[in-house]
Amino acid sequence: MTNDTWGRVQNELLQSIGKDAFKNWIEPIDFIGCDGGVARFKVSTGFIGNWVSRNYGDQIMRALASDGDKVDRLDFQISTAAAPASKPAKANATAPVSGQQNNTELPGAPLDGRFTFENFVVGKPNELAHAAARRVAEGGPVTFNPLFLYGGVGLGKTHLMHAIAWQIQERDPQARVLYLSAEQFMYRFVQALRFKDMIGFKELFRSVDILMVDDVQFIAGKDSTQDEFFHTFNALVDQNKQIIISADRAPGEINGLEERIKSRLQCGLVVDLHPTDYELRLGILQSKAEAQVKHYPGVLLSAGVLEFLAHRISTNVRVLEGALIRLYAFASLVGREVTLEMAQECLADILRASDRKVTIDEIIRKVADHYNLRLNDMLSPRRARAVARPRQVAMFLSKALTSKSLPEIGRRFGGRDHTTVIHAVKKIEELKSVDSQIAEDVELLRRMLEA
Ligand code: ADP
Ligand code: MG
């Protein structure tokens, strides 16, 4: 087996497990070689090796075998000179940046060097989350604990958490900052149980100065992990250590999470990242385009392309970024300028996928327009029929035309409960069959929104 084979296997894994998991687990392992049916890898910690072998081992062996290499076993050697996590470019010369280098090894996930505050573009939808993250990163007395960041996929939660970690470690290289996903937390916990090392586990987690747990919704429904999380959480809060948590929704909306944890999570500062708006998308595109220019110095960008992308591509920043990267790579390959036509051609799949998506914002706007209401009326607590009915229509359409969950829809309508949404959906369904005006309105709006 050659490095080419490994490259191909990596590609396959990237496709099947997604970019995040790939970055966290596959990228950090170094392929050494293959002999006698054993594929050997170097890893910086035993933890990574265990995880990869447990979760992706079969897949890796299958992928290797499809090249004709017979591999029965994977072997992970811990490299003594543990590779430090990648560093942000600007911190290169200064300090050891990774908490993993402190005396006791912290079992965190590597930090992404690009996820710094410098690279984070601030706009209305994320300004609060950004300000809160900055405040925590500045250190000083712990004012809110935990900081709870939530929002949809690709809106910058992980980016902000890494940015906090980078800044804290830059200022104080000795600070024990532990960043990990809830999934990794669970894995550590399960390992500790299995190897009867709960004391080590507890000591480790209680010895950090700052704990960051990403995507905490993952532990919903996993009772003993939640239990341990709760104790870790309390122990750190008692010691006045900062905790930063992220999730894809508000604490109260995470089903399968114990009440005591929900209320604990709500004790600090809860801020959400709203879906990006046009201005923020444009800002992000401009900043990312500047970065691309460094990669592809020769490639020119026609006027209007970024505006086009900001208009047409969904709110997920990851998708936006991917589109831009693809455009630049393509333009450099064919030696042409990035033009509107090229964007339309080269991004047809992404544009098509974004096209079909109707957003709750659009629905609210269209419905408000249709009934001659102000946007605020749609979100306000007012119950007068004249606003309540259109609001129910909008909720009904949100359920019908988007893939958002009931709690998410409720939240977007001025922080209402999901039961209110259920009620609205039922009500409109009923009315449609008896009230032809409502039925007509709904159909008309649906057609306009889907057009
Ligand atoms: P989440 O964790 O919320 O799913 P990420 O933090 O992984 O999202 O962000 C997805 C991608 O979008 C990352 O590459 C990140 O750098 C980028 N991104 C998100 N928001 C911004 C922003 N405001 N400015 C610059 N890049 C951003
Ligand atoms: Mg994330």
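The values are calculated or read from the model by the stated rules, or taken from the named source; none is laboratory data. In this text, all values refer to a predicted model and were calculated from it rather than measured experimentally. We place every Cβ from the backbone using ideal geometry, glycine too, and count neighbours over all the protein chains shown.
From the residues in the range 313-330 that are more than 16 Å from ligand 2 (Cβ to nearest atom) and surrounded by 18 or more Cβ atoms within 10 Å (Cβ to Cβ), which one is nearest to residue 351 (Cα to Cα)? Going through the qualifying residues, I end up with 313. Taken over the range 343-375, the criterion of being surrounded by 13 or more Cβ atoms within 10 Å (Cβ to Cβ), among the aliphatic types (A, V, I, L, M) and under 19 Å from residue 314 (Cα atoms) is satisfied by 343, 347, 350, 351, 353, 358, 360, 363, 364. Checked against the criterion of being within 14 Å of ligand 1 (Cβ to nearest atom), surrounded by fewer than 19 Cβ atoms within 10 Å (Cβ to Cβ) and more than 16 Å from the chain's Cα centre (by Cα), the candidates 277, 248, 238 yield just one match: 277. Mind checking whether some residue in the range 94-110 is modelled with pLDDT of 80 or more, out of contact with any strand residue (DSSP E or B) (no Cβ under 8 Å at 6 or more places or on another chain) and surrounded by fewer than 22 Cβ atoms within 10 Å (Cβ to Cβ)? Yes, that holds for at least one residue.
Among all positions in the range 171-190, there is at least one residue which is more than 16 Å from ligand 1 (Cβ to nearest atom) and touching a Leu at 6+ places or on another chain (Cβ under 7 Å).
Residue pairs whose Cβ atoms lie under 8 Å apart, sitting 6 or more positions apart in sequence or on different chains, and linking a residue in the range 144-156 that is under 28 Å from residue 403 (Cβ atoms) to a partner that is part of a loop (DSSP other than H, G, I, E, B) and near ligand 1 (Cβ under 6 Å from one of its atoms), are 156/120. For the range 132-142, indicate whether the set of residues that are buried (at least 18 other Cβ atoms within 10 Å of the Cβ), away from ligand 1 (no atom under 11 Å from the Cβ), hydrophobic (A, V, I, L, M, F, W, C) and within 14 Å of the chain's Cα centre (by Cα) is non-empty. For the range 132-142, residues buried (at least 18 other Cβ atoms within 10 Å of the Cβ), away from ligand 1 (no atom under 11 Å from the Cβ), hydrophobic (A, V, I, L, M, F, W, C) and within 14 Å of the chain's Cα centre (by Cα): absent. Whether a residue is in a helix (DSSP H, G or I) and touching a residue at least 60 places away in the same chain (Cβ under 8 Å) was assessed, and residue 422 does not pass this test. Whenever a residue of the range 213-237 is within 16 Å of ligand 2 (Cβ to nearest atom), its partners that are among the small types (Gly, Ala, Ser) and in a helix (DSSP H, G or I), lying with C-beta atoms within less than 8 angstrom and at least six residues away or across chains, give the pairs 213/182; 214/182; 215/182; 216/182; 217/182; 218/182; 219/182.
Comparison of 263, 287 shows that the only residue that is within 30 Å of residue 207 (Cα to Cα) and within 24 Å of the chain's Cα centre (by Cα) is 263.
No other residue among 310, 289, 303, 331 is assigned to a helix (DSSP H, G or I), more than 16 Å from ligand 1 (Cβ to nearest atom) and either closer than 25 Å to residue 122 by Cα or in contact with an Asp or Glu (Cβ under 9 Å, 6 or more places away or on another chain) (or both) apart from 331. Read through the list (1) under 14 Å from residue 208 (Cβ atoms); (2) within 15 Å of ligand 2 (Cβ to nearest atom), then give the number of the only condition that residue 157 fails. Going through (1) under 14 Å from residue 208 (Cβ atoms); (2) within 15 Å of ligand 2 (Cβ to nearest atom) one by one, residue 157 breaks only (1). Where helices (runs of 4 or more DSSP H) fall wholly inside the range 336-411, the ranges with 1 or more residues that are among the polar types (S, T, N, Q) are 340-346, 348-355, 375-379, 385-401. Using the structure shown, decide if residue 299 is closer than 25 Å to residue 188 by Cβ and modelled with pLDDT of 90 or more. Answer is no for this residue. Identify all residues within the range 114-126 that are assigned to a loop (DSSP other than H, G, I, E, B) and either away from ligand 2 (no atom under 16 Å from the Cβ) or of a type in the set (A, V, I, L, M, F, W, C) (or both); write none if there are none. Across the range 114-126, the qualifying residues are 115, 117, 118, 120, 121, 122, 123. Count of the range 176-190 residues, restricted to those that are in contact (Cβ under 8 Å) with a residue 60 or more places away in the chain and either surrounded by fewer than 18 Cβ atoms within 10 Å (Cβ to Cβ) or of a type in the set (Ser, Thr, Tyr) (or both), is 3. Counting only residues that are part of a helix (DSSP H, G or I) and touching a helix residue (DSSP H, G or I) at 6+ places or on another chain (Cβ under 8 Å), the range 205-230 holds 12 of them. Inspect all residues belonging to the range 127-141 and state whether any of them is assigned to a loop (DSSP other than H, G, I, E, B), at pLDDT 95 or above and touching a strand residue (DSSP E or B) at 6+ places or on another chain (Cβ under 9 Å). Within the range 127-141, none of the residues are assigned to a loop (DSSP other than H, G, I, E, B), at pLDDT 95 or above and touching a strand residue (DSSP E or B) at 6+ places or on another chain (Cβ under 9 Å). Taken as a whole, the range 193-211 holds no residue that is among the aromatic types (Phe, Trp, Tyr), within 12 Å of ligand 2 (Cβ to nearest atom) and either out of contact with any Leu (no Cβ under 8 Å at 6 or more places or on another chain) or touching a residue at least 40 places away in the same chain (Cβ under 8 Å) (or both). Quick check: anything in the range 280-290 crowded, with 19+ Cβ neighbours inside 10 Å, touching a residue at least 60 places away in the same chain (Cβ under 8 Å) and on the phi < 0 side of the Ramachandran plot? Yes, because at least one residue in the range 280-290 is crowded, with 19+ Cβ neighbours inside 10 Å, touching a residue at least 60 places away in the same chain (Cβ under 8 Å) and on the phi < 0 side of the Ramachandran plot.
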